[in-house]
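Right, one structure below, let's go through it.
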Amino acid sequence: MSEQVFGRSRQSEGMFLNTHLGVESTPLAAIVQHSFRSDLATIEGQGARSRASYYQSANSRPHIRLSDNMLRLLVLFSCVVSGVLSEPSGAEEACVIELECAECVPDHMPLVTSHRASAGAVRVAPGDEVALACHGGAFLNYPQRALLTAVCEAGRFRVRHDHALRHLLELGCQESIFEDVLHQVEECAPPLQGRAYQLAEARGPLHLAALCFDPDRGVAARALATNAPANALPLPAHAEHGAPRSLLGNFNQMFDASTRAQARALYSDDARMNRRLRQILKHERFSFAEQTLTSARLLSPLYYEDQNMRVADFVSNRVAAWRSVAAGNLAHLQRDVAELMKAARPRTAIDVYAGTHDVLALRTGHAKSEIFLKPGRFPVPKYIWTVVHDRKHAKALALVVLNDPFVSVSEIRASVFCESACGRVSWLHELRRHRHYESPLYGLAFCCAVRDFGAVVKEMPRHIVRAVPDADGGMLTDIGLGPD
């Protein structure tokens, strides 16, 4: 038995050491081999002397003892093998900037100008250099610099000019690179207020959205985005936010700041918003049936290229919606619109308008009460709508979601103000797949010809409504957008 067991070990010991050390001969391997052979000879001698007694008793076994030196060497050898076979921790770790994860990036994430984002993230290979920009401002930890270059190193960034190794969270800007500013907007006359979302760049602002905002009620009448390259809207230059202000202008600016602060307090905290709602209706006998309000966006982040997605977070882009509606047909509709924008981008520009219409009224007792989260301000809208418009081919479609999961069956007919064409719209995959688009619980959705829609929803620009042919000829129901 000793010859069989240890003979095989003797033949394979060199292969074992060479294979796992990865070299033909090393000082450590030579030492281990020499010590192993010496102890092996001793062990085999002990085994030969005890062979006779082994066969006399089935329960007897040769007592094998390794020298202390051999034990130490085996421990050392196992550590070396472990080090050779295991991957060095973090040595090849890429730097991944998760743009869709608010907790994974700085509060004011800089623009990555050296790499393109894909699937909501920027991936920088180890050793690659990345360029970051705080256009129109400076970095929080580098207040004299608006531009930084850094090299990806073990998942972090080695800043070029001072060689500091920093976490991405340490490389934020002092302020957001996106701005919500006053701006002229077509068909948006006082008391409505034109606004633009823009990205400050060295060559001038890049306009990403235009809004017609109602400052008295604290809600956007409509907003506009596009699928053009870089989501750039062709708005004229405007310097209102930097111009000297009159006394009236300063008052308006203070009023605007107050509106933003109140809206931010409401829409950033769902629990607070719902406490407000229940306080408003605490004297009424109204059953919410486990429904709660949440903050919904008019322009979805999905409408934007990855690095521009955060522009949809401005509070002026938010409205109150019931949670089942926001997570239901409104979310499905916005995903379908985003996919249409991507599919059409190589061929034609798609403009997306989004807004609200009317104020939700809940039946409390024998009457209905319109819901405002502050007296006369911040209404809960009855309808949240989206219009997709292909200017090149003069086609459009209006998509409307009823933000009322409590609507009764007898009220549905009056609530749907056009003959719905959703069943004929081939690109509404998400909305139609879930088969809930006619369910009020998830936000009853219907699709209108733009002329029919514009006859009811006056917030939609008149020149767009007039530019689209009436009836089926002007409906954007097919992804085939016509000849290039």
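Each reported figure results from applying straightforward, stated rules to the coordinates on display, with no laboratory input. Fair warning: this is a prediction, and the values are worked out from it, not measured in the lab. Here the Cβ positions follow ideal geometry from the backbone for every residue, glycine too, while neighbour counts run over all protein chains shown.
Projected label points at Ala237 and Arg123, each 7 Å from Cα along the beta carbon direction, are separated by 4.1 nanometres.
For Ala349 and Glu92, what does the FRET efficiency come to when R0 = 45 Å and r is the distance between their Cβ atoms, rounded to the nearest 0.05?
Efficiency, rounded to the nearest 0.05: 0.60.
Label separation (Glu305 vs Ser439): 3.8 nm, computed from points 7 Å beyond Cα along the C-beta direction. For the range 157-228, the list of GluC sites (Glu not before Pro) that fall in a loop by DSSP and count at most 15 other C-beta atoms within 10 angstrom reads Glu175, Glu186, Glu187, Glu201. For the range 343-410 and the range 115-165, what is the centre-to-centre distance using only Cα atoms, to the nearest Å? Here the two parts' Cα centres lie 40 Å apart.
At a threshold of 8 angstrom on Cα-Cα distance, excluding pairs fewer than six apart, so keeping six or more, what relative contact order does the range 354-484 reach in percent?
This gives 25 percent for the range 354-484.
Site pair His463 and Ala164 shows an inter-label distance of 4.9 nm when each label is modelled 7 Å from Cα along Cα→Cβ.
Please give the charge dipole size of the range 347-449, origin at the Cα centre, charges +1 on K and R Cβ atoms and -1 on D and E Cβ atoms. Round to the nearest 20 debye.
So the dipole magnitude of the range 347-449 works out to roughly 220 debye.
Its relative contact order, with pairs defined as Cα atoms under 8 Å and 6+ residues apart, puts the range 151-208 at 21 percent.
Which of the pairs Lys282/Lys368; Lys342/Lys395; Lys342/Lys458 have their Cα atoms more than 22 Å apart in this structure? Those over the limit are Lys342/Lys458.
Relative contact order of the range 260-355, taken over Cα pairs closer than 8 Å and 6 or more residues apart, is 28 percent.
Give the residue list of trypsin sites (Lys or Arg not before Pro) in the range 261-320 that are DSSP loop and have at most 12 other beta-carbon atoms within 10 angstrom. Passing sites in the range 261-320 are Lys282, Arg285. Net charge of the neighbourhood of Arg217, taken over other residues with C-beta under 11 Å away and scored Lys/Arg +1, Asp/Glu -1, is 0.
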